[in-house]
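As structure tokens, the structure follows; a few thoughts come after it.
The values are calculated or read from the model by the stated rules, or taken from the named source; none is laboratory data. Being a predicted model, the structure only gives us computed values, none of them experimental. Every residue, glycine as well, gets a Cβ built from its backbone with ideal geometry; the counts of neighbours run over all protein chains shown.
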Amino acid sequence: MSGSLYIVATPIGNLGDISERAIEVLKQCDLIAAEDTRHSKTLLERFAIKTKVKAYHEHNEEQFTAQLIKKIVDGESIALISDAGTPLINDPGYKLVTAAHDNGIKVIPIPGPSAVITALSASGLPTSKFIFEGYLPSKAEARKKCLQLLVSESRTLIFYEAPHRIRESIQDMRDVFGSERRVTIARELTKQYEQIVRDSLSAVNEKLISEEIKIKGEFVVIVEGAQEISVTDAEVLRINQILSEKLPPKDAAGITSKITGKKKNEVYQMVLEASEK
């Protein structure tokens, strides 16, 4: 009988946040696949977990995924952990979990800490709808292009950012989203010097420059979504009509969709129904 693959969430800072179930699984499984064995050593020693550990990260996952799958098929159970938090959230593991499903292996999540959800819950920004974008591109031009694609996104936006790029990223967000868009900066979550600050992008930028917000540790950046603009059907048709005077129907509908936020097929349907009246 094949074993199982456990996806085990570990603390993002405070080791006291690990669950009893996570400790039990890590002790009883046959192997722990860890993103960084040196980093995980502190956690495992703290809870007297003596299970064998194997490095599994973005540089060797192509090489070792098949080996780990074979071990599970042969009856071993493996626990996947990342450096901190819930595995696969901006961390390696997707290929292993996909391969497990493809081979009929039972995948068992052991829930726990996640920097994304921890920061969002304390952000003071809307939580009913949000999207996680991970790390922005490191180069300024690519970063701004990425932000420009999100300028009309109405859901709360969540990013990770490194300390050496946090100032530049916040400045770009201010320039693209507007100085008054609200943002929450969360750093060193669950650690001794945890800091959570909510303000406008302009104000947060100044606090980073003055180091009222310390430039240290990993950052989670939560940005307020754009205000939704309600566009009536009549306005959609009017915009499309104006564009249709200069553009082919397909192009006119596409641009109307971008301007109004309506889906392109909705614009097509509205125009079709209007023409039949």
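General observations
- Residues in region 132-165 that are among the small types (G, A, S) and more than 30 Å from A79 (Cβ to Cβ) were compared, and the one that is farthest from the chain's Cα centre (by Cα) is A140.
- Residue within region 152-171 that is of a type in the set (F, W, Y), surrounded by 15 or more Cβ atoms within 10 Å (Cβ to Cβ) and within 21 Å of V116 (Cβ to Cβ) present: yes
- With respect to being under 25 Å from S121 (Cβ atoms), not in a strand (DSSP E or B) and not aromatic (F, W, Y), Q192 fits the description.
- Scanning region 1-20 for residues that are surrounded by 14 or more Cβ atoms within 10 Å (Cβ to Cβ) and either modelled with pLDDT under 95 or not hydrophobic (A, V, I, L, M, F, W, C) (or both) returns S2, G3, S4, Y6, T10, P11, G13, D17, S19.
- Subset of region 132-149 [surrounded by 12 or more Cβ atoms within 10 Å (Cβ to Cβ) and either of a type in the set (D, E, K, R) or in contact with a helix residue (DSSP H, G or I) (Cβ under 8 Å, 6 or more places away or on another chain) (or both)]: F132, E133, L136, P137, A140, R143, K144, K145, L147, Q148
- Region 118-131 - residue that is of a type outside the set (G, A, S) and crowded, with 17+ Cβ neighbours inside 10 Å and, of those, farthest from the chain's Cα centre (by Cα): L125
- Condition check for H59: under 29 Å from I158 (Cα atoms), out of contact with any strand residue (DSSP E or B) (no Cβ under 6 Å at 6 or more places or on another chain) and not in a loop (DSSP other than H, G, I, E, B): no
- Set side by side, the residues G217, G254 differ, and just one is in a loop (DSSP other than H, G, I, E, B) and either over 24 Å from the mean Cα position of the chain (by Cα) or not assigned by TED's automatic domain parsing to the domain that holds G16 (or both), which is G217.
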